[in-house]
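Here the structure is laid out as structure tokens; the discussion comes afterwards.
The values are calculated or read from the model by the stated rules, or taken from the named source; none is laboratory data. Here the structure is a predicted model, which means the values were calculated and not measured. In this analysis, Cβ positions are derived from the backbone assuming ideal geometry, glycine residues included, and neighbour counts consider all displayed protein chains.
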Amino acid sequence: AEDGYDLWLRYQTLPESYAKDVNRTIKNLVPGDINDPTRALAIEELQTGFSKMLGKPLPIKSNAGKASLMLLTSEALAQISNDVDTAKLTELGDEGYLLTQAKINNKPVTLIAANSEQGLLYGAFELLQQMQLQTSLKELNHSSSPKIQRRVLNHWDNLDGSVERGYAGSSIWDWWELPGVINPRYKDYARANAALGINGTVLNNVNSKAISLDHRYIEKAAALAEVFRPYGIKVYLSARFNAPMELDGFENADPQNPKVRQWWKDKAKEIYQIIPNFGGFLVKANSEGQPGPGDYGRSHAEGANMLAEALEPYGGIVMWRAFVYSEHDAEDRGKQAYNEFKPLDGKFKDNVLLQVKNGPIDFQPREPYHPLFGAMPNTPLMMEFQITKEYLGFATHIAYLAPLYQEVLAADTFAKGKGSTVAKVIDGSLDGHKLTGIAGVANIGHHRNWSGSIFNQANWYAFGRLAWDPYADSQTIGRDWLALTFTNEEQFTEPTLGMMMRSREAVVDYMTPLGLAHLMATGHHYGPGPWVSDLGRPEWNPAYYHKADKNGIGFDRTKTGSNALAQYSKEVAQSFADPKTMDERYLLWFHHLPWDFKLQSGKTLWQGLVEHYDHGVEEAKAMQQTWQSLKPYVDQERFTDTAQRLQIQVDEAQWWRDASLAYFSHVSGKAIPQGTTPPK
Ligand code: GCU
């Protein structure tokens, strides 16, 4: 059955003509020293792939023969051939690889070359991917290396098996049975991630329990780390800042308390004794009720540095989150993180990354990029994207997120003049940082298909690809994913790609058009709730964000309002300053405007709003129609599952539109124009 379990590693039988090509080019395999565990996995994966795609594993040879597939480290390569440009290889660093046709001992071979076993594993996965995409092997001459160092999934998984904002069933980690039971799924998880180049995973929720740092839980994490290590994936843990109090009865967790500092050093030592390649800690401190250094009047830098100091002897890092806002702060929530962290620029130890969400509020369908990007040149900033779709319809709606990720990565901060994109901030090239990182809040659960829906798998895949190369293109990624997941046939991939590429904008249109944000119902964030205005924490009320009344709508973040605009560089601030000329996708994020404000189309704001909502509904319907037309190309199981979800999406797009417009019509006194989709 096509249940989606295999993700992008399906290795379907290749069509005859292409299989012939492969058989001519690769006849046997020279594995090299398979005592190396990583290389052993590369060989195992290649044999799995060849067996499934071509019907049989490759015969093994000890030396290059005609049409061998060889895996060689640059060192080994230099000894047996000078046909390959090893200088080029050196540039590929620790994790890069080269795939090429070469001559070894005068024999034509297909070569995977890298500076490390890890690079060879990535090269093997890439070869298998290219074969699934039916790329001509003769033309293969492809080198690649990651532009970002730490490419990390963040699991918001709790120790009781629940997943915060998880829509694919409960956690894949069975904390009860670990470390004794190693579910084979852990290995498949590692394979799927290694195939994308993801090299780190934070196992537990940012809202973490101190007990995850207890010895018994470290042993459980160690068992997972053991499975992941040869795949090049490091384990990290979310650390609760007051763990010394909760685990060992300390009176405080003050970073200036020498006993507390020592506790963290001892804890780090204990962890590294059983997880020698432990990655480090992820910390949510003084945010949404979590403990932190602020409880003792200390700064985020002091808190982060204490943990960094403990991890430093072992090469560990701290990923300190900038997702900080307080109900006691009357300031615009969207400004608070910048206010808090900007003055700390340069105050963090070298092994600290500041992990910043893509936008200043919280993973909305659309937000402008976070103003901290470009504002802290002396601190390496790590990107935090959300893969799980907390605010974009969970696992039921289709929303391909690569265009969202790309929009943020490509945004120009102008921090060092034109071209200072967010991608350049986080890949370290703008400010010369060596330690770099990107995180994605995982959408993985124990659902058979991992992500709750087939199309949600695309977001995990796209995150991995963009983490490797933040300049990659969301269309290419989408097309590759479709070919790997369904079929290569263009009659299928082109219309489906079109549908994916428009899907996120459709969600923006029917949920939060024209720069609106956070209008979702309280708590679960599913479905519309723009009318909610009575929650204890004002900044959790949708009304706080849209500020709609009979005179107008939108959040004034210009000089006359919160002046959040001033947190951006002059150029960016200017580009958003004038509602008459700016990019209207961000209009109501930055401006409070009268309902009769004239949009660039000449229509009034109210008319424009109605049109966007209507358009969102039309787009959902169009996706549904497209999918119906693709039935001949898709197996029954995945066709039906997707079709059912699209029916929900169409119904709920309508729900969003009707409910939102009914509410806005009520507060504005404006009638919903005739001829637009009537409420059901
Ligand atoms: C959002 C989300 C929370 C999560 C928080 C975070 O607010 O709704 O569930 O804990 O982000 O990123 O820390």
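Whether any residue in region 356-368 is more than 14 Å from the ligand (Cβ to nearest atom), over 30 Å from E584 (Cβ atoms), buried (at least 23 other Cβ atoms within 10 Å of the Cβ) and at pLDDT 95 or above is what I want to check. No. Selection of region 316-339 for residues being charged (D, E, K, R) and more than 15 Å from the ligand (Cβ to nearest atom) yields D329, E331, D332, K335. Looking at T522, T487, just one residue is within 16 Å of the ligand (Cβ to nearest atom) and in a loop (DSSP other than H, G, I, E, B), and that residue is T522. Number of residues in region 172-210 that are out of contact with any Leu (no Cβ under 8 Å at 6 or more places or on another chain) and within 16 Å of the ligand (Cβ to nearest atom): the value is 2. In the set E340, E331, only one residue is farther than 26 Å from R151 by Cβ and in contact with a His (Cβ under 9 Å, 6 or more places away or on another chain); that residue is E340.
Can you find, within region 270-306, the residue that is nearest to the ligand (Cβ to nearest atom) among those that are small (G, A, S), part of a loop (DSSP other than H, G, I, E, B) and in contact with a His (Cβ under 8 Å, 6 or more places away or on another chain)? If we take residues in region 270-306 being small (G, A, S), part of a loop (DSSP other than H, G, I, E, B) and in contact with a His (Cβ under 8 Å, 6 or more places away or on another chain), then A285 is nearest to the ligand (Cβ to nearest atom). Can you confirm whether region 427-441 contains a residue that is of a type in the set (V, I, T), within 30 Å of E637 (Cβ to Cβ) and more than 16 Å from the ligand (Cβ to nearest atom)? No, the conditions are met nowhere in region 427-441. Part of a loop (DSSP other than H, G, I, E, B), more than 16 Å from the chain's Cα centre (by Cα) and not assigned by TED's automatic domain parsing to the domain that holds A653 - does that describe any residue in region 453-463? Scanning region 453-463 turns up at least one residue that is part of a loop (DSSP other than H, G, I, E, B), more than 16 Å from the chain's Cα centre (by Cα) and not assigned by TED's automatic domain parsing to the domain that holds A653.
Residue pairs whose Cβ atoms lie under 8 Å apart, sitting 6 or more positions apart in sequence or on different chains, and linking a residue in region 333-362 that is farther than 15 Å from L565 by Cα and among the β-branched types (V, I, T) to a partner that is more than 16 Å from the ligand (Cβ to nearest atom) and assigned to a loop (DSSP other than H, G, I, E, B), are V352/T379; V352/P380; V356/F373. Put simply, of M376, M383 the only residue that is away from the ligand (no atom under 13 Å from the Cβ) and in a strand (DSSP E or B) is M383.
If you go through region 78-120 and keep only what is over 20 Å from N28 (Cβ atoms) and of a type in the set (S, T, Y), you end up with T86, T90, Y97, S116.
Checked against the criteria, E390 does not count as assigned to a loop (DSSP other than H, G, I, E, B), over 15 Å from the mean Cα position of the chain (by Cα) and within 22 Å of S474 (Cβ to Cβ).
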